[in-house]
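Chemist: One structure follows; several queries about it will come next.
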Amino acid sequence: MSTTPSRRAADDQPDPAPYRGVVRAVMAPVPESFLAERRRTGADRRDEMWEGVLHMVPPASGPHQRLNAAICEVFGPLARPKGLVPHVEAGVFRAADDYRVPDQCYARSDQLSQRGVEGAVLVVELLSPGDETYDTLDWYAAAGVDEILVVDPDTRAPEVFVRRGGRMVLSAAAHLPSLGVELEATDGPALRITWKGGSAGV
């Protein structure tokens, strides 16, 4: 039985486009014409393959994308001196038919590949209504990811998970050792990011 937290019920969430009426669906098999159309329009940019099963992820909302960009603007300059390469919506791979597409990931040079990254030091996920963020935590641990930051865009509340014994475990402190930052939600709401010599609010 999973001990990871669950996303609040969809009924408790605001209903902004493009997430209005979020449903889960199974289409077996998926017609090649359907996949070709998604590739043609770019709708497949955030699609994932879970051990050969296609998970189609809708485009992120405007506020989601803006928060993602703001966090990356802070984390990027902190990551590069530590030898970490920032990525936005890149594939994190275990196999050609088994990959996830987080909002951000930070990887060492030896983890980079032509198709994306093979494992990562840090993954950043912003929650969306009906998403599968918490379902992916242990997959990332198996892929060799060391840390995962999950942020609730509504409250800016951060959760940090660290890999221990092959699983992702919720840390008692919102601290990312990889970047040397502390995180907390403040009034606004805002996510306060603090590091040696500086801080920022997003």
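Chemist: Working only within the stretch 185-202, note down all residues that are basic (Lys, Arg) and surrounded by 11 or more Cβ atoms within 10 Å (Cβ to Cβ).
Modeler: Filtering the stretch 185-202 down to residues basic (Lys, Arg) leaves 192, 196.
Answer for the stretch 185-202, where residues must be basic (Lys, Arg) and surrounded by 11 or more Cβ atoms within 10 Å (Cβ to Cβ): just 192.
Chemist: Sticking with this structure for a sec: Specify the residue that is nearest to residue 140 (Cα to Cα); the eligible residues are those in the stretch 168-202 that are among the β-branched types (Val, Ile, Thr) and in contact (Cβ under 8 Å) with a residue 40 or more places away in the chain. Reasoning before the result, please.
Modeler: Within the stretch 168-202, the subset among the β-branched types (Val, Ile, Thr) is 169, 181, 186, 193-194, 202.
Now narrow it down to the ones that are in contact (Cβ under 8 Å) with a residue 40 or more places away in the chain: 181, 193, 202.
On the way: 181: 21, 193: 24, 202: 26 Å.
Looking at residues that are among the β-branched types (Val, Ile, Thr) and in contact (Cβ under 8 Å) with a residue 40 or more places away in the chain, I get 181.
Chemist: May I ask you to say which residue of 102, 153 is crowded, with 20+ Cβ neighbours inside 10 Å and either modelled with pLDDT of 95 or more or within 25 Å of residue 185 (Cβ to Cβ) (or both)? First the steps, then the outcome.
Modeler: Details: 153 fails: crowded, with 20+ Cβ neighbours inside 10 Å.
It is 102.
Chemist: May I ask you to list the residues in the stretch 109-158 that are within 14 Å of the chain's Cα centre (by Cα) and among the basic types (Lys, Arg)?
Modeler: none
Chemist: Does residue 56 satisfy being within 17 Å of residue 139 (Cα to Cα), of a type in the set (A, V, I, L, M, F, W, C) and either at pLDDT below 95 or more than 13 Å from the chain's Cα centre (by Cα) (or both)? Spell out how you get there, then give the answer.
Modeler: Values: within 17 Å of residue 139 (Cα to Cα): no; of a type in the set (A, V, I, L, M, F, W, C): yes; either at pLDDT below 95 or more than 13 Å from the chain's Cα centre (by Cα) (or both): yes.
For residue 56, the condition - within 17 Å of residue 139 (Cα to Cα), of a type in the set (A, V, I, L, M, F, W, C) and either at pLDDT below 95 or more than 13 Å from the chain's Cα centre (by Cα) (or both) - is not met.
Chemist: Suppose we keep only residues that are crowded, with 19+ Cβ neighbours inside 10 Å and in a loop (DSSP other than H, G, I, E, B) within the stretch 77-99. Which one would you say is farthest from the chain's Cα centre (by Cα)?
Modeler: Per the stated criteria, the residue is 84.
Chemist: Only one of these is buried (at least 21 other Cβ atoms within 10 Å of the Cβ) and either more than 18 Å from residue 103 (Cβ to Cβ) or not hydrophobic (A, V, I, L, M, F, W, C) (or both): 140, 134. Name it.
Modeler: Numbers: 134 fails: buried (at least 21 other Cβ atoms within 10 Å of the Cβ).
Unique residue meeting the criteria: 140.
Chemist: So, one more: In the stretch 184-193, what residues are part of a strand (DSSP E or B) and out of contact with any Leu (no Cβ under 8 Å at 6 or more places or on another chain)? Steps first, answer last, please.
Modeler: Within the stretch 184-193, the first condition is being part of a strand (DSSP E or B), and the residues that meet it are 184-186, 190-193.
Of everything in the stretch 184-193, those that are part of a strand (DSSP E or B) and out of contact with any Leu (no Cβ under 8 Å at 6 or more places or on another chain) turn out to be 186, 190.
Chemist: Consider the stretch 158-181. How many of its residues are assigned to a strand (DSSP E or B) and of a type in the set (A, V, I, L, M)?
Modeler: Just the residues of the stretch 158-181 that are assigned to a strand (DSSP E or B), to begin with: 158-164, 167-170, 175-176, 181.
Cutting the leftovers down to of a type in the set (A, V, I, L, M) gives us 160, 162, 168-170, 176, 181.
Residues that pass the stated criteria total 7.
The values are calculated or read from the model by the stated rules, or taken from the named source; none is laboratory data. Bear in mind the structure is a predicted one, so any value in this text is a computation, not a measurement. Ideal geometry is used to build each Cβ from the backbone, glycine not excepted, and the neighbour counts take in all protein chains shown.
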